[in-house]
Amino acid sequence: MKLIADEGVDKPIVDALRNHGFDVLYILEDYRSADDDFILALSDSLNAVLLTQDKDFGELVFRLKRAHFGVVLIRLQGYTPEAKASIVLYHLLHHQDNLIQAFTVIQPNAIRIRK
């Protein structure tokens, strides 16, 4: 599965996903300071699911009806980056087929997938 990780996504999450075979383009490495519209359009054009910790993408998808291939919002405040990486990896391994064309929220002990 192809993924784009927004700038705010912790590096250990990116590393864990790459180590498990996910193709991850990390905005911090390739498109530093890109705006949200550009990132969402890039993920759509590349058929890549966007990983983010930025709630603004919810507004772009739901209120402004921007096209997207899939968005995963990571809501794991208070967890270490390594714990976040473990949780995100678990959910992506178990739910990756359901993430396409969906807006997904990963929270402690829960995942919500909205098509």
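Values in this text are rule-based calculations from the coordinates and carry no lab data. Keep in mind it's a predicted model, so treat the numbers as computed, not measured. Backbone-built Cβ (ideal geometry, glycine too); neighbour counts: all protein chains shown.
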> Among the listed residues Ala48, Ala83, Ala67, Ala34, which satisfies the condition of being over 18 Å from Lys2 (Cβ atoms) and out of contact with any Ser or Thr (no Cβ under 7 Å at 6 or more places or on another chain)?
Replying inline: Ala83
>> Return the residues of region 27-60 that are in contact (Cβ under 8 Å) with a residue 12 or more places away in the chain, surrounded by fewer than 16 Cβ atoms within 10 Å (Cβ to Cβ), outside any helix (DSSP H, G or I) and not hydrophobic (A, V, I, L, M, F, W, C); say none if nothing qualifies.
In response: Arg32, Ser33, Asn47, Lys55
> When you scan region 61-96, how many residues do you find that are free of Cβ contacts under 8 Å to residues at least 40 places away in the same chain, charged (D, E, K, R) and either assigned to a helix (DSSP H, G or I) or farther than 13 Å from Val9 by Cα (or both)?
Replying inline: 3
> Under 8 Å by Cβ, and 6 or more places apart or on different chains, what pairs join a residue from region 97-108 that is assigned to a helix (DSSP H, G or I) with one that is buried (at least 19 other Cβ atoms within 10 Å of the Cβ)?
Replying inline: Asn98/Thr104
> Out of (1) without any contact (Cβ under 8 Å) to a residue 40 or more places away in the chain; (2) of a type in the set (Val, Ile, Thr); (3) part of a helix (DSSP H, G or I), the odd one out for Ile111 is which?
Replying inline: (3)
>> Can you tell me which residue is surrounded by the fewest Cβ atoms within 10 Å (Cβ to Cβ) among those in region 14-26 that are in contact with a strand residue (DSSP E or B) (Cβ under 7 Å, 6 or more places away or on another chain) and either in contact (Cβ under 8 Å) with a residue 40 or more places away in the chain or within 21 Å of Gln101 (Cβ to Cβ) (or both)?
In response: Asp23
> Taking into account only those residues within region 1-13 that are in contact with a strand residue (DSSP E or B) (Cβ under 6 Å, 6 or more places away or on another chain) and over 15 Å from His91 (Cβ atoms), which is surrounded by the fewest Cβ atoms within 10 Å (Cβ to Cβ)?
Replying inline: Lys2
